[in-house]
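A short write-up of the structure that comes next.
The values are calculated or read from the model by the stated rules, or taken from the named source; none is laboratory data. All values reported here derive from a predicted model rather than from experimental measurement. Here the Cβ positions follow ideal geometry from the backbone for every residue, glycine too, while neighbour counts run over all protein chains shown. All accessible areas refer to the heavy atoms of the entire protein, side chains included, with ligands and DNA or RNA removed. Shrake-Rupley method; radii C 1.70, N 1.55, O 1.52, S 1.80 Å.
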Amino acid sequence: MGGTILANLKTLAQTLGLSITTVSRALDGYSDVSEKTRQRVRAAADAAGYRPNAAARRLRRQRAEVVALMLPTDPGHFGPPVFLAMLGACAERLAADGLSLMIAPVARGQSELDLCRRLVDGGRVEALILVRTKRDDERVAFLQDRGIPFVTHGRTRSPTPHAFVDGDGREAFARATSLFAADGHSGIALISAPGEYNFAHERRCGWQEAMSALHLPTDLLEETSPTEQGGFDAALRLLARPQAPTAILCATDEMAVGALRALRCQPAGRDICLIGHDDLPTGAFTDPPLTTMRMAGDAVGDILAASLLGALAGEPAEKHQTMLPVEFVLRESHWRRNEPASASAFAGISEPRPSTEEDPR
């Protein structure tokens with residue numbers, strides 16, 4: 001290595017051909033690392049001028065070696081399905097570095113901040129993965145204050161940068177709105193999740209911006225819980241309006257599944273076009289099959305894990321802020337029944353290959 005300056009723990013581990021966990025434990029003097037390896041790691045660290053991250057080192061000495069993913073749950077419903085498919089790839093990547101992924105369910109009515117505090121203050125975890133972020137997320141502020149490594153699935157408005165993986169929902173919903181308008185729709189509705197969630201805010205902004213640019217009204221908006229029941233109820237409210245929509249965008253596939261059911265229950269709703277977001281497997285089996293959107297790429301779980309390992313290694317947060325494009329998955333729910341699918345403005349969009357890992361939010 002000579003005088004080469006190694007920037008962080010990850011680089012040090014790669015140079016030595018060891019895992020990050022082995023290098024960390026060698027630097028902290030654990031007896032399960034051989035004396036020869038400890039001396040080799042310390043010599044390399046001294047030569048590189050490496051100084052371990054104090055917060056991460058404190059957690060390592062507690063021997064937690066566990067990463068917690070906090071997952072919202074409802075009665076009889078374990079977490080939003082959109083997050084479950086990414087867990088396998090994420091857990092596999094973390095395990096390669098000696099870390100175990102623990103699912104920490106958050107029951108309805110339970111404070112996510114309180115759970116986060118118990119996990120951290122109890123020394124139970126080395127780092128956390130946060131999903132379904134809010135624009136102003138108190139969990140993010142807490143972890144930043146404590147110096148605990150973390151990565152989020154979704155962005156926030158935190159003034160301090162943090163690692164995240166997200167999709168460009170704003171651009172995607174603006175594009176879907178414009179394509180609906182090109183198909184002749186003027187009454188384009190949005191069934192939105194609560195605006196405090198960043199994903200809902202971004203998708204709503206995309207719809208609103210496109211509608212305004214097209215000089216179309218933005219009053220066909222229903223905000224509800226991001227569930228099948230929420231989508232069902234919101235669609236019924238839209239159908240009850242004096243001027244019902246002819247096309248609907250839903251912030252999530254779960255909401256879209258509920259909305260499709262409501263539309264099928266009402267004669268006036270059967271010709272309304274609809275698009276969701278998430279590409280849940282159930283969407284292929286709805287009536288009609290659900291046209292949806294998803295984050296491009298098949299490695300969201302792997303990206304999350306890599307970003308978290310970077311945070312554990314003390315790398316700058318800006319290095320691990322990943323924005324992914326959003327692509328369409330075309331089925332049938334987006335086009336009018338009395339027109340051929342080939343006449344749709346969506347017809348020029350190539351349907352992507354099936355993903356092996358479902359793409360979150």
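Structure values in brief
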item: Residue list for segment 1-50, restricted to those being modelled with pLDDT of 80 or more, aliphatic (A, V, I, L, M), within 21 Å of A306 (Cα to Cα) and open to solvent by 40 Å² or more (accessible area, probe 1.4 Å); result: L18
item: Subset tally (residues that are in a loop (DSSP other than H, G, I, E, B), open to solvent by 50 Å² or more (accessible area, probe 1.4 Å) and at pLDDT 85 or above) for segment 66-111; result: 1
item: Top-ranked residue of segment 240-249 - restricted to ones that are touching a Leu at 6+ places or on another chain (Cβ under 9 Å) and not small (G, A, S), ranked as surrounded by the fewest Cβ atoms within 10 Å (Cβ to Cβ); result: Q243
item: Segment 161-201, residues that are over 15 Å from R132 (Cα atoms), assigned to a helix (DSSP H, G or I) and either at pLDDT below 95 or not β-branched (V, I, T) (or both); result: R170, E171, A172, F173, A174, R175, A176, S178, L179, F180, A181, A182
item: Among the candidates D137, D114, residue that is surrounded by fewer than 24 Cβ atoms within 10 Å (Cβ to Cβ) and charged (D, E, K, R); result: D114
item: Every residue from segment 117-128 that is open to solvent by less than 20 Å² (accessible area, probe 1.4 Å) and either without any contact (Cβ under 8 Å) to a residue 60 or more places away in the chain or aliphatic (A, V, I, L, M) (or both); result: L119, V120, V125, A127, L128
item: Residue within segment 309-316 that is over 22 Å from the mean Cα position of the chain (by Cα) and not hydrophobic (A, V, I, L, M, F, W, C) present; result: yes
item: Yes/no for T252 being over 19 Å from S344 (Cα atoms), in contact (Cβ under 8 Å) with a residue 12 or more places away in the chain and surrounded by 20 or more Cβ atoms within 10 Å (Cβ to Cβ); result: yes
item: Every residue from segment 267-281 that is open to solvent by 10 Å² or more (accessible area, probe 1.4 Å) and not aliphatic (A, V, I, L, M); result: P267, R270, D271, D279, P281
item: Members of segment 136-191 that are over 16 Å from A311 (Cα atoms) and of a type in the set (S, T, N, Q); result: T156, S158, T177, S178, S186
item: Boolean, A176 is small (G, A, S), in contact (Cβ under 8 Å) with a residue 24 or more places away in the chain and open to solvent by less than 50 Å² (accessible area, probe 1.4 Å); result: yes
item: Odd one out for V131 among (1) within 21 Å of E315 (Cβ to Cβ); (2) open to solvent by less than 40 Å² (accessible area, probe 1.4 Å); result: (1)
item: Selection from segment 135-157 of residues that are closer than 25 Å to R294 by Cα and of a type in the set (S, T, N, Q); result: T152, T156
item: Subset of segment 288-303 [modelled with pLDDT under 95 and either out of contact with any Ser or Thr (no Cβ under 8 Å at 6 or more places or on another chain) or assigned to a loop (DSSP other than H, G, I, E, B) (or both)]; result: P288, M295, A296, G297, D298, A299, V300, G301, D302
item: Segment 307-326: number of residues that are buried (at least 21 other Cβ atoms within 10 Å of the Cβ) and part of a helix (DSSP H, G or I); result: 7
item: From the options R204, R237, R264, residue that is in a helix (DSSP H, G or I), surrounded by fewer than 21 Cβ atoms within 10 Å (Cβ to Cβ) and at pLDDT 95 or above; result: R237
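Conditions tested, residue by residue: (1) of a type outside the set (S, T, Y); (2) buried (at least 16 other Cβ atoms within 10 Å of the Cβ); (3) touching a helix residue (DSSP H, G or I) at 6+ places or on another chain (Cβ under 9 Å); (4) within 22 Å of C273 (Cβ to Cβ).
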{"position": "G147", "(1), (2), (3), (4)": "yes, no, yes, no"}
{"position": "H153", "(1), (2), (3), (4)": "yes, yes, yes, no"}
{"position": "S158", "(1), (2), (3), (4)": "no, yes, yes, no"}
{"position": "H162", "(1), (2), (3), (4)": "yes, yes, yes, no"}
{"position": "A181", "(1), (2), (3), (4)": "yes, yes, yes, yes"}
{"position": "P194", "(1), (2), (3), (4)": "yes, no, yes, no"}
{"position": "P217", "(1), (2), (3), (4)": "yes, no, yes, yes"}
{"position": "L220", "(1), (2), (3), (4)": "yes, yes, yes, yes"}
